[in-house]
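Contents: one structure, followed by commentary.
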Amino acid sequence: MPDRIIVSLPDDRLTAALAEHLPPLGDDRVTFVTWGVDGPPPVPHIDILVPPYQGRAQWSRLDGVSIGLVQSQSIGYDGVRDALPAGLVYANASSVHETATAELALALLLASQRGIDDFVRQAEHGEWRGGRRPALADRTVLILGYGGVGKAVEQRLAGFEVARVIRVASRARTDASGEVHGIDELSELLPRAEVVVIGTPLTDATRGLIGAAELALLPDDAVVVNVARGPVLDTSAVLAEAGRLRFGLDVTDPEPLPADHPLWTAPGVIISPHVGGAASAMEPRMARLLRRQIDHLLAGEPPENVVFRT
């Protein structure tokens, strides 16, 4: 077990969250330094480095720096191997963003089902127009990606009296929630789905997973919500099906979405600018995860959430 560790934080916000939401460490074995990976490291060795939330372009500056653990503030890890120098242990922020991301998924879903996007546009012109809209109640919802985000979405669906939840993951299995289907069953499952929520990681296997053939299997007026990564859902297929299907997109391909991109004006498409985890819950939950990582290290235990060593 180490006698003393050094933890590098990217900014004062996370420092304040550690102080506000967690009890004191109770000893002087932990030294905190602030480094936004924007210049030379403040100390020769860092036991736990927390880089900026949106700062992957700076990760090349970690080359040659002695670091025990890179603790990301993001759940996703697509492209990390290429961005990080070799020889580093990388952990993602599982447990930090799932709740907020599931909240946004439900917000996009409900807004699309009940026509909130149309009402907002009508309000700009003082128009009072009603009409019949699809409910979330009694619908069949397919959750694609049954990890932390997918499970958080399912928990929040419980109060909306949906007819059925179809769970889909990389492989078929049965867990405490019931049957989980494999991705290889998608073609059989999609025709039954009136709502699809995408929460799968972006990997070689999931890139372009939902394209023209898959969207064509969905019934008319189904809604697809993507809170995963943009390239999981084929953009050209979305544009071709917009109008017959509806979409709630927190992530897009490309991203950021150019101002003149046709997705902005496609019928039945609601877009939010990749803000699933950007909520007030982030700092306190990140502080709790970091505290657990510190406790693991001081106790000589392996850290949580390790994805790989570069």
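Which condition breaks for E301 when tested against (1) open to solvent by 30 Å² or more (accessible area, probe 1.4 Å); (2) out of contact with any Leu (no Cβ under 7 Å at 6 or more places or on another chain); (3) more than 17 Å from Y53 (Cβ to Cβ); (4) touching a residue at least 12 places away in the same chain (Cβ under 8 Å)?
Condition not satisfied by E301: (4).
Among the residues of the stretch 199-207, is any over 22 Å from T99 (Cα atoms) and open to solvent by less than 30 Å² (accessible area, probe 1.4 Å)?
Yes, that holds for at least one residue.
Return the residues of the stretch 1-51 that are open to solvent by 20 Å² or more (accessible area, probe 1.4 Å), modelled with pLDDT under 90 and either closer than 13 Å to M286 by Cα or touching a Ser or Thr at 6+ places or on another chain (Cβ under 8 Å) (or both); say none if nothing qualifies.
Correct list: R4, D11, D12, R13, T15, A16, L18, A19, E20, H21, L22.
Hey, which of the strands (runs of 3 or more DSSP E) in the stretch 214-310, taking only ones fully inside, have at least 3 residues that are under 19 Å from L110 (Cα atoms) and not β-branched (V, I, T)?
Correct list: 246-249.
Do we find that D221 is open to solvent by 30 Å² or more (accessible area, probe 1.4 Å), over 24 Å from G277 (Cβ atoms), touching a strand residue (DSSP E or B) at 6+ places or on another chain (Cβ under 9 Å) and not polar (S, T, N, Q) in this structure?
Spelling it out, D221 is indeed open to solvent by 30 Å² or more (accessible area, probe 1.4 Å), over 24 Å from G277 (Cβ atoms), touching a strand residue (DSSP E or B) at 6+ places or on another chain (Cβ under 9 Å) and not polar (S, T, N, Q).
Looking at the stretch 185-205, can you tell me whether even one residue there is under 27 Å from A137 (Cα atoms), of a type in the set (K, R) and modelled with pLDDT of 95 or more?
Looking through the stretch 185-205, at least one residue is under 27 Å from A137 (Cα atoms), of a type in the set (K, R) and modelled with pLDDT of 95 or more.
Tally up the residues in the stretch 267-297 that are out of contact with any Asp or Glu (no Cβ under 8 Å at 6 or more places or on another chain) and within 13 Å of L69 (Cα to Cα), please.
2
Being part of a loop (DSSP other than H, G, I, E, B), among the hydroxyl-bearing types (S, T, Y) and either more than 19 Å from H296 (Cβ to Cβ) or without any contact (Cβ under 8 Å) to a residue 12 or more places away in the chain (or both) is the filter here; which residues of the stretch 48-79 pass it? Walk me through how you get there before you give the answer.
Restricting attention to the stretch 48-79, the residues satisfying the condition of being part of a loop (DSSP other than H, G, I, E, B) are 50-55, 63-65, 72-79.
From the residues that got through so far, the ones that are among the hydroxyl-bearing types (S, T, Y) too are 53, 72, 74, 77.
Selection gives Y53, S74, Y77.
Can you find a residue in the stretch 263-284 that is at positive phi, open to solvent by 50 Å² or more (accessible area, probe 1.4 Å) and more than 21 Å from the chain's Cα centre (by Cα)?
no
The values are calculated or read from the model by the stated rules, or taken from the named source; none is laboratory data. This is a predicted model, so every value here is computed, not measured. Reconstructed Cβ throughout: ideal geometry from the backbone, glycine too, with neighbour counts over all protein chains shown. Areas reflect the complete protein model, heavy atoms only, side chains present, ligands, DNA and RNA absent. Shrake-Rupley method; radii C 1.70, N 1.55, O 1.52, S 1.80 Å.
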